[in-house]
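S.K.: Below is the structure I would like to discuss, written out as structure tokens.
Every number in this text was worked out from the coordinates using simple rules, so none of it is lab data. Not measured: the values here are computed from a predicted model. In this analysis, Cβ positions are derived from the backbone assuming ideal geometry, glycine residues included, and neighbour counts consider all displayed protein chains.
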Amino acid sequence: MTEIFGDLWSWHGRAIIAITTGGQVSSKGHCSMPRGCARQTKERYPEISAVLGEMIRSHGNQVFDLGHGIVSFPVENSPFEVPDLRLIERSCVQLKDLTDRNAWPLVILPRPGCGGGGLSWKEVRPVLEKHLDDRFRIITLPECR
């Protein structure tokens, strides 16, 4: 894994974009995507919250290919809880497996759980390094150096 600085969306169309998500699904079947890159994704692709909601209802809070070159990367079960390092680790394993199966050459992932989630990069980084190889780039905005 390599750390880079920039805008996640500048990579859209050139790499697979992994967005950090939660597992909460509304009574209408939509995944709650209230902040960060999940919210940005929902603004770009309004149908994606229903697609992810259905996948979560059917298969649980997992890494899913959502189409449009975007995959989910669960970090929490609800937007009302702190991101879970065990869930982040499980998501790393699932993302690596999905990347292997699809032979994706490049996947861009923001620092999971570190933005609105409140985790420190010092505690999250070792979890990612254990599982993600050189096909994965962890992106951060330049002002967050």
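S.K.: Given H placed 1.01 Å from N in the peptide plane, which residues other than close sequence neighbours of residue 140 have an amide H under 5 Å from its amide H?
M.R.: For residue 140, whose amide H was placed from the backbone, the distant partners under 5 Å are 4, 5, 6.
S.K.: Please report the net charge: other residues with Cβ closer than 13 Å to the Cβ of residue 53, K and R +1, D and E -1.
M.R.: +1
S.K.: Take residue 27 and residue 78, extend 7 Å from each Cα along the Cα→Cβ direction, and tell me the distance between the two endpoints in nm.
M.R.: Between residue 27 and residue 78, the simple spin-label model gives 1.6 nm.
S.K.: If you don't mind, another one. Treating the beta-carbon of each Lys and Arg as +1 and of each Asp and Glu as -1, no other charges, what is the dipole magnitude of segment 1-141 about its Cα centre, to the nearest 20 debye?
M.R.: So the dipole magnitude of segment 1-141 works out to roughly 140 debye.
S.K.: Please report Rg (one decimal) and Dmax (integer) in Å for the Cα set of segment 38-91.
M.R.: Answer for segment 38-91, Rg first and Dmax second: 11.2, 29 Å.
S.K.: To continue, here is another question. Just to confirm the number: angle between the C-alpha axis of helix 85-102 and the first principal axis of the chain, 0 to 90 degrees, nearest 10?
M.R.: Orientation of helix 85-102: about 80 degrees from the principal axis.
S.K.: ³J(HN,Hα) across segment 111-118 via Karplus (A = 6.51, B = -1.76, C = 1.60, θ = phi - 60°), whole Hz, x for Gly/Pro?
M.R.: Going residue by residue, I get 4, x, x, 9, x, x, x, x Hz, with x marking Gly and Pro.
S.K.: Turning to a different aspect of this structure: Kirkwood Rh over alpha-carbon pairs of segment 1-94, then Stokes-Einstein at 10 °C and 1.306 mPa s: what D in µm² s⁻¹, rounded to an integer?
M.R.: 118 µm²/s
S.K.: Find out how many positive minus negative residues lie around residue 2, taking Lys and Arg as positive, Asp and Glu as negative, among other residues whose Cβ is under 14 Å from that of residue 2.
M.R.: 0
S.K.: Taking the Cβ of residue 108 as the center, what net charge do the other residues with Cβ under 12 Å away carry, scoring Lys and Arg +1 and Asp and Glu -1?
M.R.: Once positives and negatives cancel, what remains is +2.
S.K.: Moving to a separate point now. Specify the angular offset, from 0 to 90 degrees and rounded to the nearest 10, of the alpha carbon long axis of helix 48-59 from the longest principal axis of the alpha carbons in the chain.
M.R.: Tilt relative to the chain: about 80 degrees.
S.K.: I want the antiparallel fraction of DSSP beta bridges within the chain, as a percent rounded to 5.
M.R.: In the chain, approximately 15 percent of DSSP beta bridges are antiparallel ones.
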